1. What's the center-to-center distance, using Cα atoms, between the range 76-118 and the range 35-63 in Å?
2. Kindly provide the helix-only [θ] at 222 nm of the chain, computed as the sum of -39,500 (n - 2.57) over DSSP H runs of four or more divided by all residues, to the nearest 500 deg cm²/dmol?
3. Lysines near Lys73 by alpha-carbon distance under 20 Å, same-chain residues fewer than 8 away left out - which ones?
4. Considering the chain as a Gaussian network with a 10 Å cut-off on Cα pairs, which listed residue, Leu104, Leu67, Leu76, attains the greatest mean-square fluctuation?
5. What label, among (1) 26, 17, 11; (2) 23, 15, 12; (3) 22, 18, 13, belongs to semi-axes √(5λ) of the Cα gyration tensor in Å computed from the structure on display?
6. How about the range 10-94: which trypsin sites (Lys or Arg not before Pro) there are in a DSSP loop, with at most 10 other Cβ atoms within 10 Å of their Cβ?
Amino acid sequence: MRMNDIDKLSGLKVGFAVCGSFCTFEKAFAEIEELVALGCEVTPIMSQSAYSLDTRFGTAQQNAARLYEITGKTVLHDITATEPIGPQKMFDVLVVAPCTGNTLAKLALGIVDTPVSG
């Protein structure tokens with residue numbers, strides 16, 4: 001990335017939503033770290049599954065704590081917390097990674113029943 005491109009990212013407001021593809025969390029967390037290092041203001045969002053399930057890739061509590069550690073922001077994890085994102089234009093960009101097939105289908109069909117699809 002050229003220096004001018006990096007400068008454009010400084011101050012960018014990024015919503016970063018994490019769904020339940022637990023085996024890819026480490027890659028997603030590394031990308032969040034990179035965005036923060038480039039000066040982006042990243043707000044973490046987790047689906048209900050990502051926020052509540054313990055797996056062999058870590059406990060839900062560990063994953064949420066890691067996101068807080070990286071971003072300095074509390075994880076948004078319920079529809080009430082994520083509902084204002086669109087109307088209040090909280091982010092310049094929203095990243096969904098990993099994005100499960102379930103979440104992708106909901107986004108494609110406009111189904112609003114999770115913190116990520118809301």
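1. 14 Å
2. Values: 6 runs with 50 residues, N = 118.
Rounded to the nearest 500, it is -11500 deg cm²/dmol.
3. Excluding near neighbours in sequence, the set is Lys13, Lys27, Lys89.
4. The residue that fluctuates most here is Leu104.
5. (3)
6. Details: sites: Lys13, Lys27, Arg56, Arg66, Lys73, Lys89; in loops: Arg56, Lys73, Lys89.
Loop-located and lightly packed - Arg56, Lys89.
Here, each number is a calculation from the coordinates, and none is a lab measurement. It should be emphasised that the depicted structure is a prediction, and the values quoted were computed from it without experimental measurement. Ideal geometry is used to build each Cβ from the backbone, glycine not excepted, and the neighbour counts take in all protein chains shown.
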